[in-house]
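To keep things clear, I will list the structure first and then write my remarks on it.
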Amino acid sequence: MLKNYQMILLIIVSMVVMQFSVYADVQDPRIRVGIDEKLGDIVPLDLTFKNEQGNDITAADVIDGKPTILAFVYYSCPSICSPLLMEIASVVNQLDWELGEHFNILTLSIDEYEDHTLAAEKKQNFLNIIQKDVPEESWAFLTADSATIREFTDAAGFYFIREGEDFIHSGALIFLSPEGKITRYLFGIKHLPFDVKMALIEASQGKVGPTIAKVLRFCFSYDPEGKTYVLNLTRIFGAGILFLAIVFVIILRFKPKKSN
């Protein structure tokens, strides 16, 4: 009898896996705008950028053996970039970890036409918000050519497109270990100091932490016609059926036999 139940379970599992495969085939895995988490990957530390003085600098120079917050923005952004940078400055004010001593920040413009002069101006604006004495080099505002920007953003799983003079992009903080390993993503432009502190602690230890986005990507599928994400009921029901089937077989396997 048990073998029959195992055969039924095998059939159910096969059907669910086939259903998942069909959906995986029809979905376009490429991301034009958004973030594809690349947890555990190492960002290219040897890429050369321009710092606020117009001098060459690498990501390794900025990280400098400390956990680092990475933020992609563009300095003339009319929407989410300034609020994101203001949030970073506000969190720095509230943290008991000191910028420059315990961690660093790397901000890179995704606009290849922005130069170090604009970067220096923006940097000073946001450093003025911080009500602490911090080393200016601990928060880098970098610029680069288009090829360097794309290589670095692609390595971090950050995808964007230009639309006229502006960009369509996401807002997020990416946390790097002292070795440049991606350990966590915090999405959005508002962040609790506690969340940032915990992410920095994990980064300092090189611990990789998944985010809720992994669950959301499983539950939702992108609708190219509606240009939005829709709930994938088939995938969710398939996972539920698989779970119930496993529970059913376990119950049958360990159910006490009735004595005659």
>> Under 9 Å between Cβ atoms, which residue pairs at least 6 apart in sequence (or on different chains) link something in segment 60-80 that is under 12 Å from His169 (Cα atoms) with a partner that is basic (Lys, Arg)?
In response: Val73/Lys122
> under 24 Å from Thr153 (Cα atoms), assigned by TED's automatic domain parsing to the domain that holds Pro193, in a strand (DSSP E or B) and touching a residue at least 12 places away in the same chain (Cβ under 8 Å): does that describe Leu108?
Replying inline: yes
>> Tell me the residue from His116, His102 that is closer than 28 Å to Ile201 by Cβ, surrounded by fewer than 23 Cβ atoms within 10 Å (Cβ to Cβ), over 21 Å from the mean Cα position of the chain (by Cα) and in contact (Cβ under 8 Å) with a residue 40 or more places away in the chain, please.
In response: His102
> So which residues in segment 170-194 are under 14 Å from the mean Cα position of the chain (by Cα) and without any contact (Cβ under 8 Å) to a residue 40 or more places away in the chain, if there are any at all?
Replying inline: Leu186, Gly188
>> Cβ-Cβ distance below 9 Å, separation of 6 or more or different chains: which pairs start in segment 150-166 with a residue that is on the phi > 0 side of the Ramachandran plot and end on one that is of a type in the set (Val, Ile, Thr) and crowded, with 19+ Cβ neighbours inside 10 Å?
In response: Gly157/Ile35; Gly157/Ile174; Gly157/Ile182
>> Can you list the strands (runs of 3 or more DSSP E) lying wholly within segment 133-179 that have 1 or more residues being loosely packed, with under 14 Cβ neighbours inside 10 Å and at pLDDT below 95?
In response: 161-163, 166-168
>> For Ala60, only one of the following conditions fails: (1) under 30 Å from His102 (Cα atoms); (2) modelled with pLDDT under 50; (3) of a type in the set (Gly, Ala, Ser). What is its number?
In response: (2)
>> Give all pairs with beta carbons closer than 6 Å in which a residue from segment 32-49 that is small (Gly, Ala, Ser) meets a residue that is in a loop (DSSP other than H, G, I, E, B); count only pairs at least 6 apart in sequence or on separate chains.
In response: Gly34/Ser170; Gly40/Val208
>> Ile8 - would you say it is more than 30 Å from Leu142 (Cα to Cα), modelled with pLDDT under 90 and buried (at least 16 other Cβ atoms within 10 Å of the Cβ)?
In response: no
> In segment 66-105, what residues are among the small types (Gly, Ala, Ser), more than 17 Å from Asn128 (Cα to Cα) and outside any strand (DSSP E or B)?
Replying inline: Ser76, Ser79
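The values are calculated or read from the model by the stated rules, or taken from the named source; none is laboratory data. In this text the structure is predicted, and so the values were computed from the model without any measurement. FYI the Cβ positions are ideal-geometry reconstructions off the backbone, even for glycines, and counts take in every protein chain you see.
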